[in-house]
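Down below is the structure, laid out as structure tokens.
Every number here is computed from the coordinates shown, using simple stated rules; none is lab data. Small disclaimer: the values here were computed from a predicted structure and weren't measured. Cβ atoms come from the backbone with ideal geometry, glycine included; neighbour counts cover every protein chain shown.
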Amino acid sequence: KGVTSIVDIPKGTYDLRATQELNVADKLPMRMRYYVHTPLTIDIDAQLDTGLVRGFGNDMLRFGGMKIFVDGIGGDGLGKRYPDLKWDKAGLSETVWKAHNADLQVIMHCVTPTAFKMAVTAVAEAQAKQRRNLLHRIEHVGYLGDPAEIKQLLELVVADHLVAQVR
């Protein structure tokens, strides 16, 4: 059936405003879910103060949650990998917990093993405080090959979502 929806991370108010104008004019070519870039566009506390909740919007344009870059490119032009971390462990865990507690999905950009471990730890800590049927995403972890890491992802990030779909 092809592409039916996309995710957008607006870079500023002009991006979201243009998307809203297309939506109002009934000219959005497909469904969109948008996520705010935290903390670049807005920090977690200011985001929570807006009152936006996951799913706010209509059939064509909805608010999804937040996008966090745990690290950046993670390597140089010669293929050398390095941890290009944007967060420390405590700050990431606190931000993920605040979003999780507010029932907001978090998409985390991770391209290095260090960032991946920080992201999984932050989700595990949030789920340990309050179990939610909330599918957080960790993107760009194409190097995964350790069965223990894959199992941990399934247990923490995906399992509750799959159970909810089966019920």
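For segment 28-99, run through the trypsin sites (Lys or Arg not before Pro) and keep only the ones in DSSP coil with at most 10 other Cβ atoms within 10 Å of their Cβ. Present the calculation step by step, with values, prior to reporting the outcome.
On the way: sites: R31, R33, R54, R62, K67, K80, R81, K86, K89, K98; in loops: R54, K80, K86.
Passing sites in segment 28-99 are K80.
Once the dipole of the chain is set up with Lys and Arg at +1 and Asp and Glu at -1 on Cβ about the Cα centre, which of L153, C110, L85 lies farthest towards its positive end?
It is L153.
For N101 and K80, FRET efficiency with R0 = 35 Å and r from the beta-carbon atoms, rounded to 0.05?
Efficiency, from the Cβ-Cβ distance: 0.40.
Restricting to the chain, compute how many DSSP beta bridges are antiparallel as a %, nearest 5. Each step should come with its number before you reach the end.
On the way: 3 of 21 bridges.
Roughly 15 percent of the beta bridges in the chain run antiparallel, per DSSP.
FRET efficiency for D43 and N23, Cβ-Cβ distance as r, R0 = 22 Å, nearest 0.05? Numbers along the way, then the final one.
Details: r = 26 Å, r/R0 = 1.18.
Between D43 and N23 the formula returns 0.25.
As a test of understanding, state the convex hull volume per residue of the chain from its alpha carbons, in Å³. All intermediate terms of the calculation are to be shown ahead of the outcome.
Details: hull volume 26.0 nm³, N = 167.
Output value, Cα hull per residue: 155 Å³.
Could you check the simple spin-label distance between N58 and H140, using points 7 Å along Cα→Cβ, in nm with one decimal?
3.4
Pick from I150, I44, I68 the residue whose mean-square fluctuation is largest in a GNM of the chain, springs joining Cα atoms under 10 Å.
The residue with the greatest mean-square fluctuation here is I150.
Output the 0 to 90 degree angle, nearest 10, between the alpha-carbon long axis of helix 13-24 and the longest principal axis computed from the alpha carbons of the chain.
Approximately 50 degrees, to the nearest 10.
Note down the nm distance, to one decimal, between modelled labels 7 Å out along Cα→Cβ at I73 and at E125.
Taking the simple label geometry, I73 and E125 are separated by 3.0 nm.
For segment 21-91, state the average projected area of the convex hull of the C-alpha atoms over all orientations, rounded to one decimal in nm². Can you show the working numbers first?
Values: hull surface 28.5 nm².
It is 7.1 nm².
Report the gain in length on full extension from R132 to T50: 0.36 nm times residue separation, minus Cα-Cα distance, nm rounded to one decimal. Write out the running numbers ahead of the final one.
Working: separation 82, 0.36 × 82 = 29.52 nm, distance 2.19 nm.
That works out to 27.3 nm of additional length.
Projecting each Cα onto the charge dipole of the chain (Lys/Arg +1, Asp/Glu -1 at the beta carbon, about the Cα centre), which of N58, A46, Y14 comes out farthest on the positive side?
Of the listed residues, the answer is N58.
Let me know the charge dipole size of the chain about its Cα centre in debye, to the nearest 20, where only the beta-carbon of Lys, Arg (+1) and Asp, Glu (-1) is charged. Walk me through the numbers on the way to the answer.
On the way: 21 positive and 20 negative charges, 79 e Å.
My answer is approximately 380 debye.
Starting from the amide H of V70, placed 1.01 Å from N in the peptide plane, find each other amide H under 5 Å away whose residue is 5 or more places distant or on another chain.
HN-HN under 5 Å from V70: H109.
Any idea how many Lys pairs in the chain come in under 14 angstrom at the alpha carbon, given 8 or more places apart or on separate chains? Mind dumping the intermediate values first?
Working: K11/K67; K67/K86; K67/K98; K86/K117; K89/K117; K98/K129; K117/K151.
Lysine pair count for the chain: 7.
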